[in-house]
Each structure stands twice: as C-alpha cells, then as structure tokens.
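Just so it is clear, none of the values below were taken in a lab; they were calculated from the coordinates. Keep in mind the model is a prediction, meaning the values are calculated, not measured. Glycine also receives a Cβ, built like all others from the backbone with ideal geometry; neighbour counts cover every protein chain displayed.
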Ligand code: MN
Ligand code: MN
C-alpha cells in the first residue's frame, strides 16, 4: 500500500532538483547561450537563418544518405531530421516550435512627413498590447527585395553606434481624455507611427524648393546605407522590434528578460537538443525531427505556417529516400510530437485571473498543457492520457521536473498553439515549454531554471 506521502502529489521545483554547483553552472551557461541567440534573432527569417547555420555547423546538410538533413522554405520555416535506428514506419519524435513573435510591421507604403518629423505607417503583427510599444527604443529588422531579385538585409538600431526608432506616446498633460477611454480604444493602431527622422535635406545652390525635405533626407540616408528607394519598400518586409539585447533580471540573475522568447526559447532548446544528439555520434533509436514554423501568432496560415503542407512534403521526401515502401499515414499515425511553446505563468500581480491549482509556476519546470483553446476547450488539441502517461514515465525516470497547467480561469483564459495541426495527422502531441510572465510584451520574462529543465525535457523526449 502507498504511504500517505506517496499518495499525494507534491513535486519538487527545478531549483530543488538542479541544486548542485555543476547544475547551477550549466544552467547559467545555457542561459548565456540562449540570451545571445534571442538578442541576435528577432524575426522568423533571422531565426531560421541562424538555426540553419547552427545545424550545418553540426553536420546537417542536404544529403539524405547522411541521415542528417536540414531544409528551409522561403527563409521562414525550417525542417531538420536525424535518422534513427528504427524504421520510419514506427514513427518519429518531433519537436515543433515557432519563430515569429508579435511586433510592429511597416506598411507597404510607409513613409510620410508631417509636423517636422518623417514617420513610417505600421500594421502590427500578432496579439500585442499596443500601449506597450509606445516610447520604447525600437530597432528595424527586415529585408528588401529589389526588382533585380537582389535581397538586401536591413538591421538598424542594435549596435551602440546606431540610432534607434520610436513611437512617441502622448504626454500626460494632454491625455486626460485618453485615460478615461477603454484600453481597447485608447491606442488606435493608426497612431503607431514610427519616427524615422527630423532633419530636412539641405538645399544645394541651384535646388528648387524640396518637397518633403525630411522624408527626402530619410530616403537619401536609406539609399546611401542600403541602396534602396521608396518603391523598393513595396517588395520589403520591415519589422520594428524592441532594440537591444536580452538581459538577466533580478539581483540573483535567476530570470531572463527579452523580446521574442515566445517562442524562440523553444526554437533554441529544440535546436540544441537535436544538435547535441548529433554531437554524440550515436544513432538514436527513433528518427528525430525539428520543425520551426512561422505565422503561429497570426493563425498559422500561409506557406510557412503550421497549416501549410511544407512539413508533410518533408516527411514525404524522407520516405522517398529512406523507406519508399512505407505510407505517409503509417508514419504520421505512429509518431509522437511536442508542440514546444511557452505558457503564461501564474502572475503574482493578477492572481485573480488564474486558478491556482491548475496554473504554471515560474521555476517549476516545463509546463505541459493537455489542451489549449478557450471557454469550453474550443479549438483545442486534447492530448491523450496514454501519451501523457508515457511522458510522465520518461521524465520522472530521468528526474526532470515538470508541471501541468491551464492558461487562466476557464471563463477568462484562451489561446491556441500549433498542436492541433499536428493532431490532425493522428500523431500524439501535447504542448510543452517554459512558462513566462509578460508574454507578448517587448520584454518577456522567463526563469533560467525552467529553461534548463525544459532543455533536459526536450532531450529526454528525443532519446526515448
Ligand atoms: Mn507561442
Ligand atoms: Mn504567442
């Protein structure tokens, strides 16, 4: 018979589990590598480019005969695979994460000049709280494709010697009407215009009057630096993101603050899990796959989102090269996946929005979410109990702390992930990733202990 202590579930936190000097050091080494990654990768295409570089450096390439393949599509989605000992007919292990994050995009015809400044019109991307993006330093990350087909990458505002950009907020003295408005109405998107310049282009001797001299000056500077002109912006994607690197937060450096941790934390940990396996040299039992998707924040649509066929095409190609007699459906139905994504942590300042018993706590390890969806589990994948039992078993055996949660109170919470699109194939899938505070804000907060525990969890998943 179980003792009283054994009957009740009282899990240890990641801090309690990883308490040794060595573990704490490994925790911070991982945190440093991760902070570098998110400081550098602030868009899906920067993330995919860096991920591809890391994978190729680790021996992944184009040749299926090598058993280690990486491929990308449109520079915004990536698939990598490491062939296992067992046939694909027995299924693969898949980690799926997304590389896009909420941000403020330039409109296609962005530039104008008014009231002594040149500005860019924007259209925000994803579920952001608009007010958080006013009066903070912004950097521009993007790429411009010229008529010739030449792609010009553009990053401005990250180096110390570069200027940054900003959306000016209203002064409190004139905000008396605004502060009485509903939050959803107080910050219209058409006021999210980014200041690009202020100094007019100087007239030279025989110039006639210059129309829009400040805008002209901005165009001149863009031309000098990047060789682009206004029409080129039609075939461009330029994103304003929070400027500057990720930082430790707290006297104890136990948390990480930075932009785009949803979901680049899982991208990074998935990458490391796959690469470290490759470094060992041994062939894994089951084939290991990593997919990095785009467009998760706006509904997983399009050629590079989770609803696209890219992932399926990649699996088809694996079969053609490695196991032509096996049907796609057989592989999909036998596979196991982690929809690697972050979870909203129990917020000390908004406790009333959470239901404590089923909340994720910072520092308690990666959070499993059996179902997402909202108000009655609508639009949720719902992980099967047998799959959760298997995950419990492998993580407990490996001594990895984990927790299980829902996002907020039933009538209040809601959200979706890519899990349901993988569920459509019949494979086992569950959401899992670190929890965070201030999700979708310009400065999201995670726990270094959770990141370490999640890293362990992803590796254990790949190995089993
Ligand atoms: Mn996410
Ligand atoms: Mn998100």
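Laid out as a table, the results:
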item: Rounded D (µm²/s) - the stretch 288-345, Kirkwood Rh over Cα pairs, Stokes-Einstein at 10 °C, 1.306 mPa s; result: 122 µm²/s
item: The chain: relative contact order as a whole-number percent, Cα under 8 Å and 6+ apart; result: 23 percent
item: Cα Rg over Rh - the stretch 322-432, Kirkwood; result: 1.04
item: Convex hull per residue volume in Å³, alpha carbons only, for the stretch 37-148; result: 173 Å³
item: Over the stretch 1-81: Kirkwood hydrodynamic radius from C-alpha pairwise inverse distances, Å; result: 16.2 Å
item: 37 °C / 0.692 mPa s Stokes-Einstein diffusion coefficient of the stretch 248-302, Kirkwood radius on C-alpha pairs, µm²/s; result: 235 µm²/s
item: Over the stretch 83-169 - Rg/Rh using Cα atoms and the Kirkwood inverse-distance radius; result: 1.18
item: In degrees, nearest ten, helix 261-280 long axis to first principal axis of the chain (Cα); result: 50 degrees
item: Antiparallel bridge percentage (DSSP; both residues within the chain; nearest 5); result: 70 percent
item: Mean separation of Cα contacts under 8 Å, 6 or more apart, over the residue count of the stretch 170-297: relative contact order %; result: 10 percent
item: Helix-only CD estimate at 222 nm, as mean residue ellipticity for the chain, using -39500 (n - 2.57) per DSSP H run (n ≥ 4); result: -9000 deg cm²/dmol
item: Cα-projected label distance for residue 301 with residue 463, points at 7 Å along beta-carbon direction, nm; result: 4.3 nm
item: Alpha-carbon centroid distance for the pair the stretch 1-50 / the stretch 155-208, whole angstrom; result: 38 Å
item: Computed lengthening from residue 312 to residue 116, 0.36 nm per intervening residue step minus Cα-Cα distance; result: 65.4 nm
item: Order of 362, 357 under a 10 Å beta carbon neighbour criterion, fewest first; result: 357, 362
item: Protection-proxy order for peptides 128-140, 43-55, 444-456, each taking the mean of Cβ atoms within 10 Å per residue, highest first; result: 444-456, 43-55, 128-140
item: Semi-axes of the equivalent ellipsoid for the stretch 103-242, Cα gyration tensor, largest first, Å; result: 28, 20, 13
item: Globularity index of the chain, i.e. its alpha-carbon radius of gyration over 2.2 N^0.38 Å; result: 1.05
item: Residue 123 versus residue 357: modelled label distance in nm, points set 7 Å from Cα along the beta carbon direction; result: 4.6 nm
item: Gap separating the Cα centres of the stretch 382-443 and the stretch 52-115, nearest whole Å; result: 21 Å
item: Which of 4, 177, 215 has the fewest Cβ neighbours within 10 Å, and the rest in rising order; result: 4, 177, 215
item: Where labels lie 7 Å past Cα in the beta-carbon direction, separation of residue 396 and residue 377 in nm; result: 2.2 nm
item: Relative contact order (percent, whole number), the stretch 103-242, Cα cutoff 8 Å, 6+ residue spacing; result: 38 percent
